1. Evaluated at 25 °C with a viscosity of 0.890 mPa s, what Stokes-Einstein diffusion coefficient in µm²/s does the stretch 212-303 have when Rh comes from the Kirkwood expression over alpha-carbon pairs?
2. Give me the one-decimal nm value for the distance between modelled label points at PHE76 and TRP250, 7 Å along each residue's Cα-to-Cβ direction.
3. Taking only the alpha carbons of the stretch 1-97, what extent do you get along each of the three principal axes, in Å, biggest first?
4. Full-extension gain between ARG243 and SER6, please, as 0.36 nm times their residue separation minus the C-alpha to C-alpha distance.
5. Accessible area, 1.4 Å probe, largest first: how do PHE177, PHE130 sort?
6. Taking all protein chains in place and a 1.4 Å probe, what share, in percent, of the accessible surface of the chain do carbon and sulfur account for?
7. Calculate the FRET efficiency for LEU214 and THR97 from the Cβ-Cβ distance with a Förster distance of 41 Å, rounded to the nearest 0.05.
8. Once both axes come from the Cα atoms, what is the angle between helix 23-32 and the longest principal axis of the chain, in degrees from 0 to 90, rounded to 10?
Amino acid sequence: MDLLHSSGVELVQYLQLNYRDSQSWFTFISIAADLRNTFFVFFPIWFHLCEAVGIKLIWVAVIGDWLNLIFKWFLFGHRPYWWVHETKLYGNSSLPTLQQFPLTCETGPGSPSGHAMGSAGVWYVMVTAFLTFGLQKKRSARTTFPSSRCLHIVLWTVFCMIQVCVCTSRVFLAAHFPHQVFTGVLSGMVVAEVFGRINAIYNASFKRYLQITLFLFSFALGFYLLLKVLGIDLLWSLEKAQRWCARAEWVHINTTPFAGLVRNMGALFGLGLALNSPIYAESCKGKRGQQFSFRISCIVASLIVLHVFDSVKPPTQSEFLFYFLSFCKSATVPLAAAAFVPFCVSQLLNRQDTKKL
């Protein structure tokens, strides 16, 4: 592993030395690849364009990130920015100099990369959705085969380019080694492919959502407590992040393993609550829900509401309060996009129709 890590550090140094002017671009890519954009941007858009794709996005993002946490706890992967200080590989020779950035100091273990895994899973779902839509258009319009083949080439090329950018940005920021982002991309694609074959997620009851949410949370918490009793602290990486991060303010509580866990559980819980609520059935499943103008209105309104809502950050003074409010905030996102906003838009349009009469 030392040879793999040392070669990864050399690549980090190469990128930071030769592409230092691209720091803002790599930072933007890393921010864009964060899973919060799946919940706050991609989900409301896709849910109102194609409900099944929106639902699949949430499942792939949540289960993928939960598996990422379990993998990280099993693999005990290091991150470049602290590994260079912890390893004995370099002996008395000078340590490699790695530049750190505000997004460098992730506090969880490094393998596999959560950004790469989440990005690959989410974009795999969206690309396959575009291909399915294109295939349906091809059949209805009876277009030629080369157009379908061209669509496949273009979309998968875009997918690969996005993943290369995400992986490169995470390595440039010294947050991950190359092998960690590579395994992250593969893992994300596998999760997305598996959920593409599970139809039960589209008509699951609220009871099923609640059961799965409790199981995922209980399994992760139970696994942590079990190893804690056995003398193994799965939060070992937090101490390393606090010790070797260049600036203390770059270590954020929202990058801790449990912060991601409660956010994901909140999103899954909120989706189950929204899909099984009466206002969802009234607004999205009725005649109004089939109108394209209604769907576009819901997308625009959801994006605006969620953007404003995202600006409200939970206080970080108390860990328990932060985790609790993070769960509530994440649960509110799909609930607002899939139920509250469509209901309000529907009521507003109904009033306008009544006035016209």
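1. Numbers: Rh = 17.0 Å.
Roughly 144 µm²/s, to the nearest whole number.
2. 2.6
3. Computed over the Cα atoms, the extents are 59, 36, 15 Å.
4. Separation in residues times 0.36 nm, less the Cα-Cα distance, equals 83.3 nm.
5. PHE130, PHE177
6. Ligands and nucleic acids excluded, carbon and sulfur reach 66 percent.
7. Plugging the Cβ-Cβ distance into 1/(1 + (r/R0)^6) gives 0.30.
8. Tilt relative to the chain: about 50 degrees.
The values are calculated or read from the model by the stated rules, or taken from the named source; none is laboratory data. As the structure is a computational prediction, the values presented were derived from the model and not from experiment. Reconstructed Cβ throughout: ideal geometry from the backbone, glycine too, with neighbour counts over all protein chains shown. What goes into the accessible areas is simple: the full protein's heavy atoms, side chains included, and nothing from ligands, DNA or RNA. Shrake-Rupley method; radii C 1.70, N 1.55, O 1.52, S 1.80 Å.
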